[in-house]
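A short write-up of the structure that comes next.
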Amino acid sequence: MPIEATLRMPAEITGDKPKETHCRARVVHVRHEPYGDGRIGFGAEIETFVSVPQPDRWTNSPTAA
């Protein structure tokens, strides 16, 4: 089954600032038995990905007078 997801990659992975990556993947296996808290797990194989540019949060903007 194909899926699309946006992953937030931390600085420990990127070696720079955290970055978001949009990817297309396909599910390769599903855990049918729920974990103790009710979650179901699955594994996916990423087929394509693209980094999503992050706007600078701290840019200067004009202020109203």
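The values are calculated or read from the model by the stated rules, or taken from the named source; none is laboratory data. Being a predicted model, the structure only gives us computed values, none of them experimental. Glycine gets a Cβ as well: all are built from the backbone with ideal geometry, and neighbour counts include every protein chain shown. Keep in mind that these areas ignore ligands, DNA and RNA; they rest on the heavy atoms of the full protein, side chains included. Shrake-Rupley method; radii C 1.70, N 1.55, O 1.52, S 1.80 Å.
Of all residues in region 4-30 being open to solvent by less than 50 Å² (accessible area, probe 1.4 Å) and either among the hydroxyl-bearing types (S, T, Y) or touching an Asp or Glu at 6+ places or on another chain (Cβ under 9 Å) (or both), which is farthest from I46 (Cα to Cα)? Filtering first and then ranking leaves T14.
Of all residues in region 15-48, those that are at pLDDT below 90 and touching a His at 6+ places or on another chain (Cβ under 8 Å) total 1. Among residues of region 24-38 that are without any contact (Cβ under 8 Å) to a residue 12 or more places away in the chain, none has a Cβ under 6 angstrom from a residue that is aromatic (F, W, Y) and surrounded by 10 or more Cβ atoms within 10 Å (Cβ to Cβ) at a sequence gap of 6+ or on a separate chain. Taking (1) under 18 Å from P53 (Cβ atoms); (2) part of a loop (DSSP other than H, G, I, E, B) in turn, R8 satisfies each apart from (2).
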